[in-house]
Amino acid sequence: MSRRDDIDVRPITEDEFADWNRALATGFLQNPEVGEEQLAARRGDFVPGRLLGGFDGARCVATFRSFDQELTAVGGAAVRADAVSNVTVTPTHRRRGLLTRMMDQDLAAARERGDAVATLIAAEYPIYRRHGFGPATTMTEWSVDVPRAGLDPRWAAPECGGRIDLVDGEDVRKLGPELHERLRRRQPGAVSRTDRWWQGRTGQLRRDSGPWVAPFFAVYRSASGEVDGMAAYRADDHWGDAKQPLNTATVDWLLAVTPDAERALWHYLCSVDWVTTVKSGWRAPDDLLPHLLPDPRAARITTRADWLWVRVLDVVAALEARTYEGEGTLVLEVADRTGTAGGRWRIEAGADGAASVTPATQDADLALDVADLATLWLGDESAVRLAALGRVREERAGAARLADALLRTSRRPWCPDMF
């Protein structure tokens, strides 16, 4: 067994990309024999310096990738983010500090670039808090029992004057990016999508093995012809013993920038002949879906879990990027083992929703870890609740309630994407 110091952690070269992908597949318990077609499709992910590997001799035994991203803060501002993905350690090389070495290298480079935060979707909950990440958004999935929903089975078109059309992947690549940008500018927690994202979700770029099976693409246009919503969904082929259709429609993704578009798309999905169950895919925890149905109990929660995790790298940039729900002054004592975001910070929020953030010399109102600062930053969590859990400490009575009055949002943040 190689010693910890014998394993070299460094950016990979293009010649090592195939070996890196083999290690990636191994870590995710997938087929380690990555074909040439898959490698060709994935080579667009190669950015010098952003793919790290742990090497035991010539063999790659750990993987790590980051890429540039924009994350929408409360109020709609786009924040520069270091998106972390493809993190694996081969089973033979666990517990040797490889993740910590790769993470420390990447976050140091992100700070040098001027990124305000880092982001990731955590496969396992306990791993990332020790690196300063905190869960900042939550995801919920619903399963809708269509016959119980109470919708008119004769429904055929939106009542608001809009219309729904089925389109192909080429249309989605033309119409989808602008629609997503409209959503992203107003949805805290949403992240940017590249052209490669749209190519991969429409079959133009095939990163994985196996045949491409296209979903159905539905587009909602308002009465004025504006594209205000879009959904991708798939359906199975299941029939009961009495020759009754029991098909399930599973939503890959659904974007809507108006309530009319959201209502029309969900009602459409619940009206498709033979479909008796609709699975919603990853939605915001306060999504309107259940209450768009005459019987909200027809929508049963099947999954609720943490989703986007955030690591604050630049306290001033992150806290000044967002807006605040009221006026007030709050002083935070932030603990960070790396020293990156640690210190005492004064937030002065004005009536216009903007705030100035400066290093503070006066006593702190709240003391918390940088991971919990990330949890509060997008407005989804309550400082009062974290104080009850022992994760936030009030240095001044009533400070947690003031933090909630400033930081919490009327609608919960949501990240529609996996990355």
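Split the accessible area of the stretch 103-167 by element, probe 1.4 Å, and carbon with sulfur accounts for 49%.
The share of C-alpha pairs in the stretch 126-177 whose separation exceeds 14 Å stands at 78 percent. Across all Cα pairs in the stretch 125-241, the calculated P(r) in 10 Å bins from zero up to the longest distance comes to 10, 27, 35, 22, 6, 0 percent per bin. Shown for the stretch 229-298: the carbon plus sulfur share of the solvent-accessible area, taken with all protein chains present and a 1.4 angstrom probe, equals 51%. Each listed q (0.31 Å⁻¹) maps to a log10 I(q)/I(0) for the stretch 308-357 from the Debye sum over equal C-alpha point scatterers, namely -1.17.
Give me the net charge for the shell around residue 289: Cβ to Cβ below 15 angstrom, other residues only, Lys and Arg +1, Asp and Glu -1.
Residues near residue 289 contribute +2 overall.
Semi-axes of the equivalent ellipsoid of the stretch 231-299 are 23, 13, 10 Å, computed as sqrt(5λ) over the eigenvalues of the C-alpha gyration tensor in descending order.
Per 20 Å bin, what percent of the C-alpha pairs of the chain does each bin hold, from zero upward? In whole percents, the pair-distance histogram is 24, 51, 24, 1.
Taking 0.36 nm per residue of sequence separation and subtracting the Cα-Cα distance, how much length would be gained by fully extending the chain between residue 8 and residue 214, in nm to one decimal?
Going from the current span to full extension adds 70.0 nm.
Obtain the radius of gyration and the Kirkwood radius of the stretch 46-158 from its C-alpha atoms and give Rg over Rh.
Dividing the radius of gyration by the Kirkwood radius yields 1.17.
Rg ratio for the stretch 1-108: its Cα radius of gyration over 2.2 N^0.38 Å, N being its residue count, equals 1.14.
Taken over the stretch 283-342, the alpha-carbon convex hull comes to 154 cubic angstrom per residue. Under the membrane-span-like helix rule (DSSP H runs whose alpha carbons stretch at least 30 Å along the helix axis, mean Kyte-Doolittle hydropathy 1.6 or higher), the chain yields none.
Ordered from longest to shortest, the equivalent ellipsoid semi-axes for the stretch 257-416 are 38, 16, 14 Å, each the square root of 5 times a Cα gyration tensor eigenvalue.
Each residue, residue 173 and residue 388, gets one label point 7 Å from its Cα in the Cβ direction; the gap between the two is 5.1 nm. Our analysis of the stretch 368-408 gives Rg over Rh at 0.91, with the two radii drawn from alpha carbon positions and Rh computed by the Kirkwood formula.
Accessible surface for the chain, divided over its residues, is 47 Å² per residue with a 1.4 Å probe.
The values are calculated or read from the model by the stated rules, or taken from the named source; none is laboratory data. The model shown is predicted, which means the values in this text are computed figures rather than measured ones. Quick reminder, even Gly has a Cβ in these numbers, built from the backbone with ideal geometry, and neighbours come from all protein chains shown. In case anyone asks, the SASA skips ligands and DNA or RNA and just uses the protein heavy atoms, side chains included. Shrake-Rupley method; radii C 1.70, N 1.55, O 1.52, S 1.80 Å.
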